[in-house]
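Asks: To start, I am sharing the structure in question, which I have written as structure tokens.
The values are calculated or read from the model by the stated rules, or taken from the named source; none is laboratory data. Just so we're clear, the structure is a prediction, and the values are computed from it rather than from any experiment. Positions of Cβ are generated from backbone atoms using ideal geometry, with glycine treated the same way; all protein chains shown enter the neighbour counts.
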Amino acid sequence: MSFADQRKADVAATIAANPVQVTISRKAKVPKGGGHKIENTTLGPFSIRIFNQKSKQIAVNVSNTTAGVMQKDQSYAFLAGAEVDIRCTPSITDEFTAYGQRFRVTDAIHRYFLGELTSIDGSLEAID
């Protein structure tokens with residue numbers, strides 16, 4: 001078994017210890033004429049693992065605007081297998097609901113070994 005296969009098996013075992021099924025709502029900006037349009041797509045369901053980041057201090061950022069108060073909790077992270085299509089780019093926003101809470105992907109890191117995708121992990125923001 002290669003290291004990439006072992007890594008995929010380890011990630012699958014970690015996710016299986018506490019999985020959650022999510023259906024991703026993707027908003028993608030695509031060029032249209034001189035501007036862009038937003039395309040909404042639904043992907044999944046996928047099995048991922050969501051957890052609190054222990055390395056970060058758990059805090060909620062509160063900002064007051066003329067529209068009201070907005071709270072951002074950025075203390076969550078996720079782990080997903082290589083087969084999961086989850087992204088975070090300037091033109092793509094992925095969101096999903098899990099445990100009765102709405103999450104937005106704020107960072108998605110694709111992990112490769114010798115050019116082979118083995119897993120995806122990143123940060124989440126709990127949104128209202």
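Asks: Please find, among A4, A12, the residue that is outside any strand (DSSP E or B) and more than 21 Å from V105 (Cβ to Cβ).
Replies: A4
Asks: Quick check on the stretch 73-93: of everything there that is in contact with a Phe, Trp or Tyr (Cβ under 9 Å, 6 or more places away or on another chain) and in a strand (DSSP E or B), which residue is farthest from Q53 (Cα to Cα)?
Replies: G81
Asks: In the stretch 26-42, which residue that is among the charged types (D, E, K, R) and within 19 Å of A108 (Cα to Cα) is surrounded by the most Cβ atoms within 10 Å (Cβ to Cβ)?
Replies: Within the stretch 26-42, the match that is surrounded by the most Cβ atoms within 10 Å (Cβ to Cβ) is R26.
Asks: Give the number of residues within the stretch 105-121 that are within 16 Å of S47 (Cα to Cα) and touching a Leu at 6+ places or on another chain (Cβ under 9 Å).
Replies: Within the stretch 105-121, residues that are within 16 Å of S47 (Cα to Cα) and touching a Leu at 6+ places or on another chain (Cβ under 9 Å) number 4.
Asks: Quick test of your reading of the structure: D10 fulfils all but one of (1) at pLDDT 95 or above; (2) surrounded by 15 or more Cβ atoms within 10 Å (Cβ to Cβ); (3) farther than 19 Å from A126 by Cα; (4) of a type in the set (D, E, K, R). Name the failing condition by number.
Replies: Every listed condition holds for D10 apart from (2).
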